[in-house]
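Notes to accompany the following structure.
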Amino acid sequence: MFVAVKKSNKNIMNKAELIAKMADDAGVTKTQANASLDSFVEAVTKTLKGGGKVTLVGFGTFSVSKRAARNGRNPQTGAVIKIKAKKVAKFKAGKELSAKI
């Protein structure tokens with residue numbers, strides 16, 4: 001028997017809420033906090049695209065992992081399908097972050 005469980009959004013923070021929190025904590029405007037967050041995301045993306053990694057001591061490490069090509073199955077038909085190799089972004093939590101959680 002299938003029982004639907006409603007997820008609570010109480011513990012989910014979206015971008016707007018993060019920007020508001022950053023602005024409040026840093027004593028800056030939301031526009032400045034948004035620019036800072038966008039800059040951070042852009043810098044991490046550019047570094048990962050170039051094959052590098054970003055390490056924030058105490059927080060964690062962003063890196064790129066390569067997934068090899070493999071065979072999968074179409075769940076509807078059971079037919080074998082080929083899944084292409086690709087690069088995926090990866091985050092590994094640092095020791096301090098892991099301890100705080």
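Points to keep in mind about this one:
- The residues of the chain present an accessible area of 88 Å² per residue when probed at 1.4 Å with all protein chains retained.
- For the chain, the longest principal axis of the Cα atoms and the long axis of helix 15-26 meet at an angle of about 30 degrees.
- Peptide packing for 78-85, 94-101 was compared via the average number of neighbouring C-beta atoms within 10 Å per residue; ordered from the highest value, the list is 94-101, 78-85.
- Averaging over all projection directions, the Cα-based convex hull of region 33-92 occupies 6.2 nm² in the image plane.
- On Cα atoms only, tilt of 30-49 relative to the major axis of the chain in degrees: 40 degrees
- Calculated mean residue ellipticity at 222 nm for the chain: -12000 deg cm²/dmol, from DSSP H runs with n ≥ 4 weighted as -39500 (n - 2.57), summed, divided by the residue count and rounded to 500.
- Charge dipole (debye, nearest 20) of the chain; +1 at Cβ of Lys and Arg, -1 at Cβ of Asp and Glu: 840 debye
- Among [x] 7.4; [y] 6.7; [z] 11.0, the entry derived from the coordinates for mean projected area of the Cα convex hull in nm²: [z]
The values are calculated or read from the model by the stated rules, or taken from the named source; none is laboratory data. Just so you know, these numbers come straight off a predicted model, no measurement behind them. All Cβ positions, glycine included, derive from the backbone under ideal geometry; neighbour counts span all protein chains shown. Note: accessible area is taken over every heavy atom of the protein model, side chains too, but ligands, DNA and RNA are not part of it. Shrake-Rupley method; radii C 1.70, N 1.55, O 1.52, S 1.80 Å.
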